[in-house]
Amino acid sequence: MFLSVFDMFKVGVGPSSSHTMGPMVAAARFLEALRTSAFAIHGVRASLHGSLAFTGVGHATDRATILGLAGFRPDTYDALQAEATLEQIRETQTLRPEGLPPLHFDPRADLTFDFGPNLPGHANGMILMATDVQGDVILQETYYSVGGGFVLTADELAADNDTDDGPPVPYPFKTADEMLLLARTSGKSIAAMKRANEVARGGADRLDRGIARLWEVMDGCIERGLTTDGILPGGLNVKRRAKGIHDALQAERGMNLTAPHTINDWMSVYAMAVNEENAAGGQVVTAPTNGAAGVVPAVLRYWLDHVPGAARSNIPEFLLTAAAIGGLVKFNASISGAEAGCQAEVGSASAMAAAGLCAVMGGTPEQVENAAEIALEHHLGMTCDPVKGLVQVPCIERNGLGAIKAVSAASLALRGDGTHLVPLDACIETMRQTGLDMSEKYKETSLGGLAVNIPNC
């Protein structure tokens, strides 16, 4: 099993990796299929199912699907160009993707929300169709957006193929137990093993440039969030708070009047800055998802700005360690809120951040695994109940608390020797089982929890 750091961390667009980025990626894949098709294609249609239907408007799933069919991709998304393209599609009822003839598409008639039962493969399902001049479907594919921007066709999901066809990696591991055994026998850190695996697949130069780019986007997202105020889109009238909190924290510096626990506000404000940007549809990095995008960069920024001895040269160690832990969660359980609730999103992100922080603060592989387990354990059972289907309430503050838990988990692990009762593998499996047992109301459908108990929403 090999999941790259660039699988766990993807540059994309808000507000959701599964509901915005995933559908855009699926549509791009469908266009590729159309380009190689022998059929004379006249138009396209799309239907959204399960969580993509129930919370699709709040997550801009409809918009993302249309833009994907027009040729947009998350990693190169241009907001101004997107707005102009959407307006043109509404006026002309025509898509003009590169490499294909003009395609008929009426957003009001050709994109539907199906509120019936989920498609059989996953809660985030969508069907894309190509039609002939008479409007008959001549090509169709079912896609599932399985979290973190990952997309599988129905056949790919059904195959459940965990084989890895790429070049062999020197330190392969599918579980935390295997990871720790390799660390002991090799004498290498988790980050060093992960780096060696990445270099074997893509080369050192690509890895170094890619990681630098990831942190550039993460940190830029924090900075935009800390300097932008106003009301977030979507109709809840949620006020951006990160700028006001950050301004107050800066004003208090050096006054010797603040309580020690104010450091928690710094961790929270970095995370909230990211998730306010995400809620506004800005550029973010999945970490491992958009809904949980604030935790990892917040903890990394906290370490850089507030922990003595922190050095930017260790950013790769942080992110590689975090990616190794995220890969274990993704492979053995889920990072999808629609599949396993918010424990799979913010819980996974907190575990990743705790591991990264523990590593750069000198933790052994055993302590790093312990830090990840502590953070994940104390998110078990957390539901995904976004009010009005928007990635705003409770998501923005929840990232702040996830960051605080990550720092606390790393600190506790560093106080021990790495031995502990609950292995990370057992905690990941518990999360998976809890997700299976969790009511669908609490898995990103906005049919339960806060989503139905906030007046006028």
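For the reader, a short list of remarks on this structure follows.
- Residue match in the stretch 380-389 (condition: farther than 20 Å from G149 by Cα and assigned to a helix (DSSP H, G or I)): yes
- K388 vs. criteria more than 17 Å from I335 (Cβ to Cβ), modelled with pLDDT under 95 and assigned by TED's automatic domain parsing to the domain that holds E345: yes
- Only one entry in T94, T153 is assigned by TED's automatic domain parsing to the domain that holds F72, crowded, with 17+ Cβ neighbours inside 10 Å and among the β-branched types (V, I, T), namely T153.
- Applying a threshold of 7 Å to beta carbon distances and a minimum spacing of six or more residues, or different chains, the list of pairs starting in the stretch 181-193 at a residue that is free of Cβ contacts under 8 Å to residues at least 40 places away in the same chain and within 18 Å of L3 (Cβ to Cβ) and ending at one that is assigned to a helix (DSSP H, G or I) and not aromatic (F, W, Y) reads L182/M193.
- Within the stretch 32-62, being surrounded by 22 or more Cβ atoms within 10 Å (Cβ to Cβ) and in a helix (DSSP H, G or I) holds for S51, L52, A53, F54, T61.
Here is a yes/no grid of residues against (1) more than 22 Å from the chain's Cα centre (by Cα); (2) among the hydrophobic types (A, V, I, L, M, F, W, C); (3) at pLDDT below 95:
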| site | (1), (2), (3) |
| --- | --- |
| A344 | no, yes, no |
| I374 | no, yes, no |
| I396 | no, yes, no |
| A406 | no, yes, no |
| L414 | yes, yes, no |
| G418 | yes, no, no |
| L424 | no, yes, no |
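- Any hit, the stretch 163-177, residues being of a type outside the set (V, I, T), more than 21 Å from S37 (Cα to Cα) and assigned to a strand (DSSP E or B): no
- Scanning the stretch 228-274 for residues that are among the polar types (S, T, N, Q), modelled with pLDDT of 95 or more and either in a loop (DSSP other than H, G, I, E, B) or outside the structural domain of V307 (by TED's automatic domain parsing) (or both) returns T228, N237.
- Test: residue in the stretch 392-409 that is of a type in the set (G, A, S), surrounded by fewer than 24 Cβ atoms within 10 Å (Cβ to Cβ) and on the phi > 0 side of the Ramachandran plot: no
- Across the stretch 147-178, the number of residues qualifying as touching a Lys or Arg at 6+ places or on another chain (Cβ under 9 Å) and either hydrophobic (A, V, I, L, M, F, W, C) or on the phi < 0 side of the Ramachandran plot (or both) comes to 8.
- Qualifying positions in the stretch 63-92 - assigned to a loop (DSSP other than H, G, I, E, B) and touching a Ser or Thr at 6+ places or on another chain (Cβ under 8 Å): A70, F72
- Hits in the stretch 204-254 (condition: among the small types (G, A, S) and under 19 Å from the mean Cα position of the chain (by Cα)): G210, A212, G220, G225
- Scanning the stretch 66-92 for residues being within 21 Å of the chain's Cα centre (by Cα) and charged (D, E, K, R) gives a total of 3.
The values are calculated or read from the model by the stated rules, or taken from the named source; none is laboratory data. The structure displayed is predicted, hence computed values, not measured ones. All Cβ positions, even for glycine, are placed from backbone atoms using ideal geometry, and neighbour counts span all protein chains on display.
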